[in-house]
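The values are calculated or read from the model by the stated rules, or taken from the named source; none is laboratory data. Since we're looking at a predicted model, the values are computed, not measured. When the accessible area is computed, the model is the full protein with side chains, heavy atoms only, and any ligands, DNA or RNA have been set aside. Shrake-Rupley method; radii C 1.70, N 1.55, O 1.52, S 1.80 Å.
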Amino acid sequence: MSETRSDGELLRAISAHADRRAFEELYRRYAPWLRARLRGRCADLGVVDDVVQETFLAVWRGKARYREEAGAADAAGWLWRIGSRRLVDALRGDGARGRLRQALARLRHRDEASAEERVLAGVEHGDLAGALVRLSPELRAVLQATVVDGLTTREAAVLLGIPPGTVKTRAMRARKQLREALA
């Protein structure tokens, strides 16, 4: 009774009329295929499922535009390009989250002082050590997060539980105090 529509027809119906049935048909047609392809690139099935959902949400919300000149047969390639880009974005994001988790774990599980902590505590470097010890704990924490641990301002803000602007202000204040102490 219902005629099978081409990929191009489905995509036109989705973009022009927000046709839910067309969207569901496109999803049923391509989601299992996209999931299988993405699993070949990422072992984390949770990430793969999220990427498939984000890919189809981009189609539904019109954030991804299909150019029909490429031909209806290219809908799979178009969906693959969207999905693979979203997978890269997800993996990059996980990389930053992973670094942040590691930094948090280092702060939570301190059994012995690391080399960085010894430097910051003033054990190894004369005048610099003394200047660092004289910094307030808040300023020292910002320097450790941004300079020693190499976190971005945003990552340091999350780690320290303060706004990014506060991280920047404290870093400026710490550098100024160090310059004055070492001058």
Item to check | Accessible area of segment 137-183 belonging to carbon and sulfur atoms, whole % at 1.4 Å probe | outcome: 55 percent
Item to check | Added length on full extension, which subtracts the Cα-Cα distance from 0.36 nm per residue, VAL133 to ARG154 | outcome: 5.1 nm
